[in-house]
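See structure below.
The values are calculated or read from the model by the stated rules, or taken from the named source; none is laboratory data. These numbers come from a predicted model, not from an experiment. Cβ atoms come from the backbone with ideal geometry, glycine included; neighbour counts cover every protein chain shown. We work out accessible area using only protein heavy atoms, side chains counted, and drop any ligands, DNA or RNA first. Shrake-Rupley method; radii C 1.70, N 1.55, O 1.52, S 1.80 Å.
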Amino acid sequence: MDINQVDVFAKEIIFEAGRRIRESFSYDIEIETKSNANDLVTNIDRETETFFIEKIKAFNPTHRILGEEGMGEKVENLDGVVWIIDPIDGTMNFVKQHRHFMITIGIYVDGIGKIGYIFDVMREDLFYAIAGVGAWYNDSPMRKLQPLKIEEAVIGINANWVTPNDRINHEKVIDLVRTVRGTRSYGSAAMEIAFVVSGKLDAYISMRLAPWDIGGGVIIANEVGAIATNFNGEGFDFLTTDTFLIANPSIHQLILEKYVEEKK
Ligand code: IPD
Ligand code: CA
Ligand code: CA
């Protein structure tokens, strides 16, 4: 695979998909629910994924696409070139706020992350990385993350996890929230990952993310020194959902050891 050629092509279709999504606000968006009443999907999520599939197949028919909306073929392994795509990450923000939603794509070759993108559709901001080459925010190179103390950290976390729940020991999460400088919750995993890799957040925790939420972001993380693992400190298989912690390298292990106790 010619990485630079694929990168130029990927950016073209991401920008074009972004234009189409912004234009969709001028006509009616059809909203449906999926696994539960708060799990939303729209015709624009599906149309955007179909747009990517058609463009990528025309570019190279051997490339496969693992997309959230399942509009293409079934992908059960990462052999060859696989594009892991979330056409709209943050659908609730898309529907309700008309901002704070991302297109995110990770391009994998035999399971190894090669190019990762997170595109803020309304701001037209692109965070991306080419493995082993570097990471950029639009045209500016991104810097390696600088160490900091946990007391100085601003972390992304959903408020649910400081209330009693069956996934995580909420007392420890309360301790974490009291220790850090501040917390934020944006409603788009890809956006929160983009903020960690660019130093706008210092960590982001989620109890359950899918391959398409993280496939692009994890590649960018590697280039800036952010550490992304599940709650056991392991990497991801990009075929199943998993727990997720991405953090500045100086606080990743501390957060896992002291503040994250999963209920199994
Ligand atoms: C969701 C968002 C949300 C995260 C959920 C994801 P979607 O993605 O990233 O922030 O908490 O776990 O499913 O459904 O909007 O693509
Ligand atoms: Ca998502
Ligand atoms: Ca989505």
* Would you check if D237 is at pLDDT 95 or above, within 16 Å of ligand 1 (Cβ to nearest atom) and within 20 Å of G106 (Cα to Cα)? => no
Of the listed residues (I219, I150, I155), the one being open to solvent by less than 10 Å² (accessible area, probe 1.4 Å), away from ligand 1 (no atom under 16 Å from the Cβ) and not aromatic (F, W, Y) is I219
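Against the definition (surrounded by fewer than 24 Cβ atoms within 10 Å (Cβ to Cβ), touching a Lys or Arg at 6+ places or on another chain (Cβ under 8 Å), acidic (D, E) and within 19 Å of D213 (Cβ to Cβ)), how does E73 come out, yes or no?
Here the answer is no, as E73 does not meet what is asked.
Looking at M102, M122, M191, can you tell me which residue is within 24 Å of R20 (Cα to Cα), within 16 Å of ligand 1 (Cβ to nearest atom) and open to solvent by 60 Å² or more (accessible area, probe 1.4 Å)?
On the way: M102 fails: open to solvent by 60 Å² or more (accessible area, probe 1.4 Å); M191 fails: open to solvent by 60 Å² or more (accessible area, probe 1.4 Å).
Exactly one of M102, M122, M191 is within 24 Å of R20 (Cα to Cα), within 16 Å of ligand 1 (Cβ to nearest atom) and open to solvent by 60 Å² or more (accessible area, probe 1.4 Å), namely M122.
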With the first residue restricted to region 32-55 and required to be under 15 Å from I103 (Cβ atoms), and the second required to be of a type in the set (F, W, Y) and more than 13 Å from ligand 3 (Cβ to nearest atom), Cβ contacts under 8 Å at 6 or more apart or on different chains are F52/W83
Checked region 37-52 for anything out of contact with any helix residue (DSSP H, G or I) (no Cβ under 6 Å at 6 or more places or on another chain), at pLDDT below 90 and open to solvent by 30 Å² or more (accessible area, probe 1.4 Å); matches are A37, N38, D39
Out of (1) within 11 Å of ligand 1 (Cβ to nearest atom); (2) surrounded by fewer than 13 Cβ atoms within 10 Å (Cβ to Cβ); (3) of a type in the set (A, V, I, L, M), the one V95 does not meet is (2)
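Considering only region 35-88, state which residues are in a loop (DSSP other than H, G, I, E, B) and within 16 Å of ligand 1 (Cβ to nearest atom).
The initial filter retains those residues of region 35-88 that are in a loop (DSSP other than H, G, I, E, B), namely 35-39, 60-63, 68-80.
Matches in region 35-88: S35, N36, A37, N38, D39, E68, E69, G70, M71.
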Of (1) open to solvent by less than 20 Å² (accessible area, probe 1.4 Å); (2) within 15 Å of ligand 2 (Cβ to nearest atom); (3) without any contact (Cβ under 8 Å) to a residue 24 or more places away in the chain, I88 fails just (3)
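Condition check ((1) small (G, A, S); (2) in contact with a helix residue (DSSP H, G or I) (Cβ under 8 Å, 6 or more places away or on another chain); (3) at pLDDT 95 or above) across all residues:
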position	(1), (2), (3)
G116	yes, yes, yes
Y128	no, yes, yes
N138	no, no, yes
G156	yes, yes, yes
N160	no, no, no
R167	no, yes, no
G182	yes, no, yes
S185	yes, yes, yes
A189	yes, yes, yes
Counting only residues in region 53-70 that are of a type outside the set (D, E, K, R) and under 17 Å from the mean Cα position of the chain (by Cα), the one surrounded by the fewest Cβ atoms within 10 Å (Cβ to Cβ) is identified as I65
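Of the residues D166, D202, D237, which single one is under 28 Å from R99 (Cβ atoms) and charged (D, E, K, R)?
Details: D166 fails: under 28 Å from R99 (Cβ atoms); D237 fails: under 28 Å from R99 (Cβ atoms).
Going through D166, D202, D237 in turn, the sole match is D202.
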When (1) more than 16 Å from ligand 3 (Cβ to nearest atom); (2) of a type in the set (S, T, Y); (3) surrounded by fewer than 22 Cβ atoms within 10 Å (Cβ to Cβ) are applied to S206, the one that fails is (1)
